[in-house]
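The values are calculated or read from the model by the stated rules, or taken from the named source; none is laboratory data. The shown structure was predicted, so the numbers you read here are calculated from the model rather than taken from an experiment. In this analysis, Cβ positions are derived from the backbone assuming ideal geometry, glycine residues included, and neighbour counts consider all displayed protein chains.
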Amino acid sequence: MKLLLISSVTPQDTTATELVLHRHFAAAVGELEVTIASDHPALTNDPNGIPIIPNPILLRLTKTRLAAIAHSLRQLLPTHDTRALYHNLCQHRPDAILTVAHGTLYPVALRMSKRFGLPLVSIFHDWFPDMARFPALLRPWLDRQFRHLYQRSNLVFCVSEGMRQMLGDHPNVRVLLPIPGEKLLLSQKISAKAPVPFTVAYAGNLSTCYAPMLQALGQLTKTTESLQLRLFGPVPHWSPEMLHDLTEADIYGGFLSREALLHELYQASVLLVVMSFEASDRRRMETSFPSKLIEFCSIGKPLVIWGPSYCTAIQWARKHMSAITITNPNPQVLLNALETISKAPEEYTFYAQQARKMAQSMFDPSTIQQQFMDALMCQAFES
């Protein structure tokens, strides 16, 4: 199957949707022939890539005080130079166009699919209108554009049931969870009780909406002898004083390689997933599904999810009884729950087993890849 990816998000072995695309395409070698059209800098190293050139004036303005207006114009108006893409489509017809509903290029993908009569496949991983650098007055316009892509796509992949419900009815929509990496060998025996010292590990984004929660928890656990918190991820946008304090307390452990991080996660007692309680983040929490949750299950340690009751992670955990859930934003409530689980061996073992069960069933990478390929091939056959 020949697939043309037109997207601001490109497949890379990094994080988030870039990593998801990378894994899907790597697992489909021999089945998918993928060409990429993007304005992403990474495309400069791809001799087969199709450059989409952003308007240089607007691009320059994104680095000034007029950044919000420039981003709006780039998103809502056809300002990209797409001549190379147009000529390529005239000469090489793919079976379908694929795009990610994020950034400035999904409107281009929609236009090209209409112009050339090609089926459009769209991936919805985040509620982009709530994340874009847009003036408040223009957000409803962006929201309509986002929903328009959903309605006009021939096939849609939604990252969660919450995303599917928020976007509404569609004749051909599939819920496709983020695909994890290769299966880890879960050869370690599940401990009959929590390891000592009791260590809580978090890996991922330490900035944006998660920063206040993780900072408060870090400050609280600094003086807690019975529990050790470990935070791993890129250097966060915290005050130098806060970062220094939590580094000195051996709480912030820096950004580690995959091998080093896996070693730390295997040493932990439980793994922590955090979802924002802020009202402004509600729709994002209701629709996204944290990929780290899926990766953590493969470690085979109990999961603790700290977030509001309406977020997708909490709802998943309650439905499948697969994680300890804390829905109170007070970090002391979380700390009390962690201390309780550290002294409850039967509960600890149960949730470790549940995480392992999810890794081997719902979150099995071969199953998720097969769901992706089956939907694509079915769409190609119908077209």
Practice problem: Might you let me know whether segment 251-268 holds any residue that is in contact with a Phe, Trp or Tyr (Cβ under 8 Å, 6 or more places away or on another chain) and among the basic types (Lys, Arg)? | Solution: no
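Looking only at segment 355-368, count every residue that is closer than 10 Å to residue 180 by Cβ and either assigned to a helix (DSSP H, G or I) or of a type in the set (Asp, Glu) (or both) and tell me the total.
Result for segment 355-368: 4.
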Practice problem: Would you point out which residue out of 156, 196 is aliphatic (A, V, I, L, M), modelled with pLDDT of 95 or more and farther than 22 Å from residue 274 by Cβ? | Solution: 156
Practice problem: Identify the residue in segment 247-262 that is in a helix (DSSP H, G or I) and of a type outside the set (A, V, I, L, M) and, among all such residues, is farthest from residue 296 (Cα to Cα). | Solution: 248
Quiz item: If we scan segment 3-26, do we find a residue that is in a helix (DSSP H, G or I), among the β-branched types (Val, Ile, Thr) and either within 23 Å of the chain's Cα centre (by Cα) or not assigned by TED's automatic domain parsing to the domain that holds residue 155 (or both)?
Solution: yes
Quiz item: Of all residues in segment 279-333 being touching an Asp or Glu at 6+ places or on another chain (Cβ under 7 Å) and among the charged types (D, E, K, R), which is surrounded by the most Cβ atoms within 10 Å (Cβ to Cβ)?
Solution: 284
Exercise. Look through segment 17-26, keep the residues that are crowded, with 18+ Cβ neighbours inside 10 Å and of a type in the set (A, V, I, L, M), and return whichever of them is farthest from residue 98 (Cα to Cα).
Key: 19
Quiz item: Among the residues of segment 232-246, is there at least one that is assigned to a helix (DSSP H, G or I) and buried (at least 19 other Cβ atoms within 10 Å of the Cβ)?
Solution: yes
Practice problem: Please specify each residue of segment 77-103 satisfying the condition of being under 17 Å from residue 147 (Cβ atoms) and crowded, with 22+ Cβ neighbours inside 10 Å. | Solution: 99, 100, 101
Quiz item: Among the helices (runs of 4 or more DSSP H) contained in segment 53-118, which hold 3 or more residues that are within 15 Å of residue 132 (Cα to Cα) and under 28 Å from the mean Cα position of the chain (by Cα)?
Solution: 67-76
